[in-house]
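Since the structure comes first, as structure tokens, the remarks are kept for the end.
The values are calculated or read from the model by the stated rules, or taken from the named source; none is laboratory data. What you see is a predicted model, and the numbers here were worked out from it, not measured in a lab. Heads up, the Cβs are rebuilt from the backbone with ideal geometry, glycines too, and the neighbour counts pull from every protein chain shown.
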Amino acid sequence: MKGRFDNYIELKYFLEELLGLEVDLIMKGALKEELKDIILSEVYMSKRDVKTILKDILYEASRIDEFTRDINYENFIGDKIRFMQS
């Protein structure tokens with residue numbers, strides 16, 4: 001059975017792969033007081049429920065996969081209709 005740390009790492013790697021950038025995940029309450037204002041000024045924190053956000057991300061990722069499954073990059077860029085819809 002997976003523990004919380006395993007879930008944390010899986011989520012971190014999943015988001016990094018999906019977004020193509022480094023992701024830092026931290027509980028707001030775990031921030032050191034002297035760094036809290038600096039860090040929070042650089043963070044986008046949604047007012048939406050985290051589970052809802054992740055479900056939306058997974059749904060949109062599946063739509064992107066479906067939309068681009070049978071086409072390579074060159075053909076995608078060359079397909080003006082498909083490219084303009086993206």
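Couple of notes before you dig in:
- Any hit, segment 56-64, residues being at pLDDT below 85, outside the structural domain of Leu18 (by TED's automatic domain parsing), closer than 24 Å to Glu16 by Cα and under 16 Å from the mean Cα position of the chain (by Cα): yes
- Residue match in segment 39-60 (condition: among the small types (Gly, Ala, Ser), in contact (Cβ under 8 Å) with a residue 24 or more places away in the chain and touching a helix residue (DSSP H, G or I) at 6+ places or on another chain (Cβ under 9 Å)): no
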